[in-house]
Structure formats: C-alpha cells, structure tokens
Amino acid sequence: MRLDPERIKALTASTSSYVAAIAESEDLLPMLAAAWTEMTLRQPKGHYTIREVLERAAEKAERRGDSVTAARYRTALRDFEARYAAPEPEFAAAE
C-alpha cells in the first residue's frame, strides 16, 4: 500500500523529524520507520546507515528540484545528529 505524501506528513506529525523524514522519503508508515530506526540504531554502524538514508533523501529531493523538502530532510539530519551523534573515536596516546 503506497500512501500519498500528504497522508504521510499527517501520520508523522507527532514523531521526531528524522523518523518523519525516513517515513516520507522511503514511503513507509511512521510506525515502521520508527521501528526500523530503532533497530538500525542497535547495529554497530547503525548511526551511519540512518545518516546515509537522510542524506540520500535530501540529495534526491534536490535533484527533483524540491528545495523545501530537501531542507526539511537536512533539518531532520541535523536533529538526528544532535541526538545520536557518534562519539569521536578515541586514539591511544603515542608511547
């Protein structure tokens, strides 16, 4: 079942911006996008996977000429990064 973009926006109004962006860009129900996001974050490099999905969605919107949607996806990416930024790798001190 494919939902139209307006219906997706309405369904995701109460979710985080990044889950809403994933749901919209990947044509998923918000509940599925939230579950996918949660499961993906549990993976060792899940943060990077979600980041790539959001970046790709923004780039695709730009290529379509939809700068408003691209900006919304980039805002969602910034929100995601602010909440789930991967810690910087720690380097052992040189001996």
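Only the coordinates and a few stated rules stand behind these numbers; no lab work does. This structure is a prediction, so every number in the text was calculated from the model and none was measured. Glycine gets a Cβ as well: all are built from the backbone with ideal geometry, and neighbour counts include every protein chain shown.
Before moving on, here are some points about what is shown:
- Reference-scaled alpha-carbon Rg (2.2 N^0.38 Å with N residues) for the stretch 5-84: 1.00
- Residue exposure proxy: Met39, Met31, ordered by other Cβ atoms within 10 angstrom of their Cβ from fewest to most, comes out as Met39, Met31.
- The mean sequence distance of close C-alpha pairs (under 8 Å, at least 6 residues apart), as a share of the length of the stretch 5-84, puts its relative contact order at 27 percent.
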